[in-house]
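Beneath this line is the structure, given in structure tokens, with notes to follow.
The values are calculated or read from the model by the stated rules, or taken from the named source; none is laboratory data. No experiment lies behind these values; they were computed from the predicted model shown. As a convention, Cβ positions derive from the backbone with ideal geometry for all residues, glycine included, and neighbour counts pool all protein chains shown.
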Amino acid sequence: MSLHTELAAELAAREAQGLRRSRRLLESPQRARVTVDGRGYVAFCSNDYLGLAADPRLSAAANEGIARYGVGSGASHLILGHSTAHHELEVALAAFVRQPRALFFSTGYMANMGVVSALVGRGDAVFADRLNHASLNDAVLVSRASFKRYAHNDLDALERLLATTPARRRLVVTDAVFSMDGDIAPVAALLELCDRYDAYLFIDDAHGFGVLGEAGRGALAHFNIKSDRIIYMATLGKAAGVAGAFVAGNETLIETLIQNARTYIYTTATPPLLAHTLLTSLQIIAQEEWRRERLRELIRQLRQGLAGSSWRLLPSATPIQPLLVGGNDEALSLSVRLAEAGLLVPAIRPPTVPQGTARLRISLSADHQAEDVLRLIAALVQRT
């Protein structure tokens with residue numbers, strides 16, 4: 001059998017299982033109301049939690065960045081690609097999350113891969129929540145450290161692993177806000193365990209940065225914690241509305257990553273215009289509290305509106321509101337019916353989520369209005 005024949009058979013099997021993915025064509029800016037494949041929709045499928053992706057102030061900042069720095073960076077950070085814009089952004093990010101230093105990466109996936117593989121290897125152990133993002137899992141596999149997974153948010157299970165696993169270095173890795181469940185990790189309690197068992201805590205705050213904590217400073221501000229044991233990562237293409245990611249921590253950590261993080265060293269630097277744009281985004285995140293207030297109002301509205309129906313929303317106080325459906329075909333069918341009503345809500349299926357827990361992942365944004373959520377509630381109740 002040829003390779004192409006094998007691949008075709010695998011695709012057909014994926015199709016039969018209701019697992020084949022497809023792409024839509026977005027023809028408008030990323031907003032709550034979008035044009036996709038020639039039709040208008042209200043979209044509940046974006047991670048643009050604060051509604052900044054199409055903010056005209058960011059567009060103006062990007063144009064200013066182009067005028068000052070051009071488009072491409074032209075080199076890796078350690079050759080000649082590290083611009084004034086990158087430096088200014090790293091200083092601003094460190095101050096924003098109240099850490100000594102920060103390092104700007106091209107993507108969150110690259111940040112996670114770079115950090116874990118730079119800090120641990122053979123003879124070390126990484127302890128990971130079973131619902132962590134795929135990038136964290138892949139990072140551990142690449143590092144070749146011993147991979148110890150514990151049941152979701154199960155502190156007792158984690159403590160048993162920490163108490164019985166000999167390792168040269170120990171690293172606990174966790175999402176701060178879990179991307180498919182929307183719940184928040186018990187970060188303060190995880191830090192206590194790390195203190196007790198001499199481990200370090202790597203927090204992926206991709207979905208909390210800009211949303212959680214005072215002025216949107218993220219999970220560390222939400223829990224009011226600070227420790228040299230914490231390695232903090234957040235992405236800048238979700239609530240921040242632009243692109244990229246950063247890692248923050250002490251001086252020694254950041255210098256180690258500059259020397260050893262392969263996904264930082266061996267890639268062309270992100271265009272400086274994006275770093276320049278993110279400086280404006282940080283200012284908006286800090287100053288416009290109404291965006292987080294609107295999110296909280298929309299979350300309450302959705303949960304109250306579906307409280308009397310047969311639909312089950314998983315427990316979540318974040319903009320990620322998962323509606324549990326169960327079967328793959330059922331989740332896909334419900335997503336299609338909502339799309340026919342002009343509402344885009346993605347069906348999430350295995351392997352992204354465990355078998356039997358296919359769901360609709362409702363993502364709320366400060367760009368949504370109350371009438372948008374009312375429309376979604378009415379469409380779901382009609383299909384109960």
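Numbers below:
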{"quantity": "Residue satisfying condition, being among the aliphatic types (A, V, I, L, M) and at pLDDT 95 or above, within set 19, 80", "calculated": "80"}
{"quantity": "Filter pass, residue 357 being free of Cβ contacts under 8 Å to residues at least 40 places away in the same chain, surrounded by 19 or more Cβ atoms within 10 Å (Cβ to Cβ) and either of a type outside the set (D, E, K, R) or more than 22 Å from residue 212 (Cα to Cα) (or both)", "calculated": "yes"}
{"quantity": "Residue in region 54-76 that is under 21 Å from the mean Cα position of the chain (by Cα), assigned to a helix (DSSP H, G or I) and not aromatic (Phe, Trp, Tyr) present", "calculated": "yes"}
{"quantity": "Unique match (being out of contact with any Gly (no Cβ under 7 Å at 6 or more places or on another chain) and in a strand (DSSP E or B)) among 295, 360", "calculated": "360"}
{"quantity": "Boolean, residue 322 is assigned to a strand (DSSP E or B) and touching a residue at least 40 places away in the same chain (Cβ under 8 Å)", "calculated": "yes"}
{"quantity": "Every pair of residues 6+ apart whose Cβ atoms lie under 8 Å, when the first sits in region 136-155 and is free of Cβ contacts under 8 Å to residues at least 12 places away in the same chain while the second is among the aliphatic types (A, V, I, L, M)", "calculated": "137/128"}
